[in-house]
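Structure first, commentary second.
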Ligand code: NAP
């Protein structure tokens, strides 16, 4: 067990983007933040910046999740953020490995870590689970079925838990962002920076800190206030696939 002061927030996928920004925000709000992801070097730097704890975590691996959970003595807040997309292909050309990656990471990854930490969240007497889904959890779009189906499934897992935990001292908040400029598109397009940049071309996308601030707001509400679902998009985005792009 790691000796840590309370309250404790766990952020998965904290080695970049929304997770990293969220770890910084929650630390500034007084949480001891335990950051998990596969790239431990990045996590260690972040943990030293915020006075938190870096722990290696692969949410697709049972043993990794078990070791991560065993290192924690108490958890007040869990931010299910680890996730992402791979590829952008029509169903007719679906790459099964990409689909497996998306379902393993977003759906089963969220399930593994949430299930394992539930007893600790309940024991905290004022637990909070924030799950980062997406506008892709609210609608589908062409060529996106691998990601949209995974995000729908992840969201249903989270929303089901809201009912199943009724009467227990745990709040649940789903945050469904539109386009946020992070490493998300770089990962989706296997490191193709030019293609990734085009996703945000001509719009003012959200940035990771925008989502982190919302999570900070959610976490600082009184215990009886449950923000169930928050949908947040850039002003330049109306639906998952509809953007106002400047051409000049
Ligand atoms: P990002 O910069 O690519 O960050 C993704 C994070 O997930 C990284 O820290 C990565 O860390 C971690 N991760 C991936 N696979 C993992 C695994 N198997 N085990 C543990 N951690 C893993 O992208 P982001 O935009 O911040 O994404 C965060 C979440 O927001 C995701 O769930 C994404 O689906 C969601 N989201 C993003 C957007 C957007 O437009 N950016 C919109 C809506 C929703 P390692 O590689 O070091 O493990």
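The values are calculated or read from the model by the stated rules, or taken from the named source; none is laboratory data. Just so we're clear, the structure is a prediction, and the values are computed from it rather than from any experiment. Glycine also receives a Cβ, built like all others from the backbone with ideal geometry; neighbour counts cover every protein chain displayed.
Residue by residue through segment 126-151, note down the ones that are more than 9 Å from the ligand (Cβ to nearest atom), assigned to a loop (DSSP other than H, G, I, E, B) and farther than 15 Å from residue 97 by Cα.
Correct list: 126, 138, 139, 140, 141, 142, 143.
On the basis of being closer than 26 Å to residue 189 by Cα and crowded, with 16+ Cβ neighbours inside 10 Å, does residue 52 make the cut?
No.
Is it true that residue 238 is away from the ligand (no atom under 12 Å from the Cβ) and outside any helix (DSSP H, G or I)?
Answer is yes for this residue.
Any residue at all in segment 173-180 that's more than 22 Å from residue 126 (Cα to Cα), part of a helix (DSSP H, G or I) and touching a strand residue (DSSP E or B) at 6+ places or on another chain (Cβ under 9 Å)?
Looking for residues that are more than 22 Å from residue 126 (Cα to Cα), part of a helix (DSSP H, G or I) and touching a strand residue (DSSP E or B) at 6+ places or on another chain (Cβ under 9 Å), one finds none in segment 173-180, hence no.
Show the residue pairs meeting these rules: Cβ distance below 7 Å; 6+ apart or different chains; first residue within segment 107-119 and within 13 Å of residue 172 (Cβ to Cβ); second residue within 11 Å of the ligand (Cβ to nearest atom) and modelled with pLDDT of 95 or more.
Matching pairs, first to second residue: 110/80; 110/131; 110/154; 114/80.
Would you pick out the residues in segment 166-209 that are under 18 Å from residue 80 (Cβ atoms) and either free of Cβ contacts under 8 Å to residues at least 60 places away in the same chain or out of contact with any helix residue (DSSP H, G or I) (no Cβ under 7 Å at 6 or more places or on another chain) (or both)?
Across segment 166-209, the qualifying residues are 168, 170, 171, 172, 173, 174, 175, 176, 187.
Condition first: more than 28 Å from residue 121 (Cβ to Cβ), within 11 Å of the ligand (Cβ to nearest atom) and assigned to a helix (DSSP H, G or I). Now tell me which residues in segment 188-227 satisfy that.
Of everything in segment 188-227, those that are more than 28 Å from residue 121 (Cβ to Cβ), within 11 Å of the ligand (Cβ to nearest atom) and assigned to a helix (DSSP H, G or I) turn out to be 188, 196, 199.
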